[in-house]
Every structure is written in structure tokens, then in C-alpha cells.
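Working notes for the structure below.
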Amino acid sequence: MNNQLPVLSADGGLKRYLQEIRKFPLLSEEEEYMLAKSYQEHGDVSAAHRLVTSHLRLVAKIAGQYRGYGLPASELIAEGNIGLMQAVRKFDPEKGFRLTTYAIWWIKAAIQEYVLRSWSLVKIGSSAAQKKLFFGLRKLKNNLRSVESRTYGVLTPVEVKEIARKMGVNESDVVDMDTRMSAHDQDLNGKIGHDNDDEWQDMLADPEANQETKLADFQEQNIKHGLLERALGKLNPREQDIIRERRLKEEPATLEDLSKAYNISRERVRQIEVRAMEKLQKEMTSGAAALNYPAL
């Protein structure tokens, strides 16, 4: 499949590439199903090629969300295309959802792994919390600030405290990560290559998502919600209640509140919560595997 894809050179041609991939038509649900079955059952490479090319715009859009990490747009898109091809190889049209919904997981996973490799996990950290902070810090930082104040890089103590609370990490981790990432901030008017006029702002995603992306987001949320509800159904009533009260509410109940409600110690509530979370994670991972999704 890779040999037949449009070429995005590292030294420019971003606008030309984006124009070229727009020429590939989007597929109807029926067309997508028939092509996926043809590839799945007969190894039809031309069918796989059409599935890939019809989603190249999705890869470029997702790659644009990872601008600002100081990495070439061509490489971000190339890694995303690899994730897309992996998704096409593993896609099962009989599962009942569109390729877009499934491919988003693979595209993001491929790009994120590339970004982390490029930034060096030795310096950034390899724990799940560190990865979450790495990819979520910029968004939270911008959400906390007005448009006028976003040009000032240093986080205030109040902002550090709020981000640490939302991300579930130490305040020192927030400061450390922000310092490292600020050193790689890119001027949106900076040139992507040395010998062309393409700028990083050309990769800015349209704030209005297209209908296909909106549908994919909606379907993805439904799948996640379904996995969670099915996993919760495997817990006993007390475990379900404690998880909902402690983990799924905007204002979580305290251990003290639940210890009084169940007439048990706070430590016992904590133990039940930990064990229930382990069961929940196991069930959700098993459910995701059944759908051939990347690890949750």
C-alpha cells in the first residue's frame, strides 16, 4: 500500500500534498464495507489502497493536533499513515462501526509514539501519568489562559496547582514538564522547511470538525461508554456504587462519607475501591481486545 500513496517530501510540498489527498473521494458506508470484506477475505490490495487513501485527510487533520512539538509535519503525517495502514489491516467490518472510528486510535497511537521517541522518554518519563501530562499540558494551559496571555510562557502557581489537580500529578512534575516543553515551542509563522514558504500555521486544524470526524468522535465515545458500562456490570453492587461515587462523579465522595454509608472503615472502602478498579481495568482491556482496539 505504501508505494502507491502520495509522497510528502521532508523539504516541503505540504500544501501540494494536502491538495493531492483531497482528490481521493470519501467512501459511503456500503462501499467501505465491501472494500474491507474484499481485503479481509481475498487480500485485495487495491481495496486496501482505496480504504487508506480515503482516510489520508483524517491523518493530516490528526497530525495537525501535534504541531508545536518541534517535529516536521511530513514525519508526523508519515507516522500517522503507518498507523492508518495498521488499522486497515486489522479492521473487521463485521464489528458494526466505521473505519474512521477504529483508525483514529491507531493513528493517534502511532503519532504519539513517534513524538515520545523524538523527545526521548529518558527525559520526558515513560509512566502513564507522564505521558498523559506530556500530551495534555498545552491544552490545559491554553484553557486556563486568555488569548492575550498565552504568549507568556511561565505558569503561575495557581495554574500549576490546577493542572496538577486535573492531571493527578505532583506540582513539581507540571513545572518540570512545562519547562522542558517550552524549550521546544514553535513559532506558528516559522517555516516548516528551509526552501519553501509553508508555515506551521498551515497545519492548523479547522476549528469546525467535518461531519465524518464528528460522527467518528460520537461513535468513539459510545464505544468507550459501552465498554465501561459492561465492565461495571461485572462488579457487585457495592463495588459499583463505590466506583461511581469515587471515580465517576464530578465531585467525588470521600472515604469518610462511604465508610458511614456502609458502616465500614475508611481503609476498607479504599481496599474495595482499589480491587474494583483492578477488575474494571481488566474487563475494559478485555473488551477493547475483543474489538481489536489498541490498549486503552
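The values are calculated or read from the model by the stated rules, or taken from the named source; none is laboratory data. Source: prediction; values computed, not measured. With ideal geometry, Cβ positions are generated from the backbone for all residues, glycine too; neighbour counts draw on all protein chains shown.
Taken over the range 44-73, residues that are within 19 Å of the chain's Cα centre (by Cα) and assigned to a helix (DSSP H, G or I) amount to 10. Per the conditions (1) at pLDDT 90 or above; (2) loosely packed, with under 13 Cβ neighbours inside 10 Å, the sole criterion not satisfied by Gly226 is (1). It is to be established whether one or more residues within the range 58-67 are touching a residue at least 60 places away in the same chain (Cβ under 8 Å), among the β-branched types (Val, Ile, Thr) and within 20 Å of Phe135 (Cα to Cα). Taking every residue of the range 58-67 in turn, none turns out to be touching a residue at least 60 places away in the same chain (Cβ under 8 Å), among the β-branched types (Val, Ile, Thr) and within 20 Å of Phe135 (Cα to Cα). Listed conditions (1) within 30 Å of Lys95 (Cα to Cα); (2) modelled with pLDDT of 80 or more; (3) of a type in the set (Ser, Thr, Tyr) are all met by Thr156, apart from (1).
This table checks each residue for (1) of a type in the set (D, E, K, R); (2) surrounded by fewer than 14 Cβ atoms within 10 Å (Cβ to Cβ); (3) at pLDDT 80 or above.
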position	(1), (2), (3)
Asp206	yes, yes, no
Arg244	yes, no, yes
Leu255	no, no, yes
Leu258	no, no, yes
Ile264	no, no, yes
Arg275	yes, yes, yes
Lys279	yes, no, yes
Ala288	no, no, no
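Within the range 89-121, track down each residue that is without any contact (Cβ under 8 Å) to a residue 24 or more places away in the chain, within 22 Å of Met34 (Cβ to Cβ) and in a helix (DSSP H, G or I). Passing the criteria: only Glu94.
Within this structure, Leu35 passes the test of being within 11 Å of Val88 (Cβ to Cβ), free of Cβ contacts under 8 Å to residues at least 40 places away in the same chain and either buried (at least 22 other Cβ atoms within 10 Å of the Cβ) or of a type in the set (Asp, Glu) (or both).
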